[in-house]
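A.B. asks: Okay, here's the structure, questions in a sec.
The values are calculated or read from the model by the stated rules, or taken from the named source; none is laboratory data. Everything numeric in this text was worked out from a predicted model, so none of it was measured. Here Cβ is always computed from backbone atoms with ideal geometry, including for glycine, and neighbour counts include all displayed protein chains. These accessible areas exclude ligands, DNA and RNA; they are computed on the full protein's heavy atoms, side chains included. Shrake-Rupley method; radii C 1.70, N 1.55, O 1.52, S 1.80 Å.
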Amino acid sequence: MTANQWMKTPKGYVVVSMVAFLLIASIGSLDFSGIYNGIIAVVVSSAVDILCSRIAKKKRMMPDGAVITGLIIALVLSTTSSWYIVAATSIIAILSKHLLVHKKKPIFNPAAFGLLLSILFFRTGQSWWGAFGDIPTWTVVFLLIGGYMVTNRVNKFPQVFSFLGTYFILLFIMGIIDVGDATDALRSPFINACLFFALFMLTDPPTSPAKYKEQVIFGTLSAIVGAVIYGIFGGLMYLFIGLLIGNLYHLLVPKLRNATIIKPGRLIK
């Protein structure tokens, strides 16, 4: 595959968008430590991915998925995160991709899994600075343009819209009835984080469904879990937990589809 052909693939769109976000957010905030973290995350993720593939004797492939995982981690973790925290988070993410698998596909979104465990193990700060929450509001346009291109390319609009619609409606209702700090999640930088999450993490093809009906269920389920956890507990883990629950639903769908179905006068397996 030529470079031009690769650029037109879903992964190509994501990598280009992530790199652009990295540069825009760094220049806009006049803080270039995020680029340094990005390099560390990408190098470590790619190295671990290649090593795991060789150990498993898999066909040699370009580690573009690992590059995406590393970029997402760098754009979510605070720019003040130590290099070894960035590296450790990247290692956890890629190991989950190779160890937690079903039919040769990862069960959980690697970036979400790594970032969730980094909160639990390392108490990491996660600012989602790559979603432009710390720079002028108008820059969210870049996030929406990149997100539209990626979502359109992977055909995940039902999933994204069902997630965002459910998520915002639930938070609005919880804000009215004064549940936790739900109204805070409807402001920047939480809005930025939610958009980044929905457009670039929720849409990961290997860990989310392709059929429209299942996409709607996946997006709605992830939103309900995430919104409820935020409303009750707050914190930084709510989006990741919602997505991982959605990933489990995606894992169980084929099993439910193949389960025994009883029809009048007939048993179908």
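A.B. asks: How much length is gained if the chain between PHE233 and TRP83 is pulled fully straight, taking 0.36 nm per residue apart and subtracting their Cα-Cα distance, in nm to one decimal?
C.D. replies: Here the answer is 51.1 nm.
A.B. asks: Mind listing the long-range amide H neighbours of VAL101? Cut-off is under 5 Å, sequence gap 5 or more, other chains count too, H placed in the peptide plane at 1.01 Å from N.
C.D. replies: Amide H neighbours of VAL101: ILE107.
A.B. asks: Ranked from the most accessible area to the least, with a 1.4 Å probe and all protein chains present, what is the order of MET62, MET18, MET174, MET7?
C.D. replies: Reading off the accessible areas and sorting them downward yields MET62, MET7, MET174, MET18.
A.B. asks: Quick check: the distance between the Cα centres of segment 84-151 and segment 153-168, to the nearest angstrom?
C.D. replies: 18 Å
A.B. asks: OK, next. Leaving ligands, DNA and RNA out of it, work out the accessible area of VAL48 with a 1.4 Å probe and give it in Å² to the nearest 10.
C.D. replies: Result for VAL48: roughly 20 Å² accessible.
A.B. asks: Let me ask another. For a quick check: with amide H placed at 1.01 Å from N, whose amide H comes under 5 Å from GLN126's, ignoring anything fewer than 5 positions away on the same chain?
C.D. replies: Hits under the 5 Å cutoff: SER78.
A.B. asks: What spacing in nm lies between the two simple spin-label points modelled at LEU23 and VAL253, each 7 Å away from Cα in the Cβ direction?
C.D. replies: In this crude label model, LEU23 to VAL253 measures out at 3.6 nm.
A.B. asks: Which value in deg cm²/dmol, rounded to the nearest 500, describes the helix-derived mean residue ellipticity at 222 nm for the chain, given -39,500 (n - 2.57) per DSSP H run of n ≥ 4 and division by the residue count?
C.D. replies: -22000 deg cm²/dmol
A.B. asks: Sort ILE145, ILE68 by accessible area with a 1.4 Å probe, largest first.
C.D. replies: Largest accessible area first, the residues go ILE145, ILE68.
A.B. asks: Given labels modelled 7 Å from the Cα in the Cβ direction, how far is it in nm from ASN155 to LEU51?
C.D. replies: 3.8 nm
A.B. asks: Suppose the chain between THR183 and PHE32 were pulled fully straight at 0.36 nm per residue; how much longer would it get relative to their current alpha carbon spacing?
C.D. replies: Additional length available on full extension: 51.2 nm.
A.B. asks: Once phi is turned into ³J(HN,Hα) by the Karplus curve 6.51 cos²θ - 1.76 cosθ + 1.60 with θ = phi - 60°, what whole-Hz value does each residue of segment 128-141 show in order, with x for glycine and proline?
C.D. replies: Result, rounded to whole Hz: 6, 4, x, 9, 6, x, 9, 10, x, 4, 4, 5, 4, 4.
A.B. asks: Tell me, rounded to the nearest percent, the portion of alpha carbon pairs in segment 111-269 spaced more than 19 Å apart.
C.D. replies: Result for the distance tail: 57 percent.
A.B. asks: Over the Cα atoms of the chain, Rg to Rh with Kirkwood Rh, two decimal places?
C.D. replies: Result: Rg/Rh = 0.98.
A.B. asks: Sort THR207, THR220 by heavy-atom solvent-accessible area, probe 1.4 angstrom, most to least.
C.D. replies: The ranking, largest first, comes out as THR220, THR207.
A.B. asks: Once you place label points 7 Å from the Cα toward the Cβ at ILE176 and GLN5, how far apart are they in nm?
C.D. replies: Reported label-point gap for ILE176 and GLN5 is 5.4 nm.
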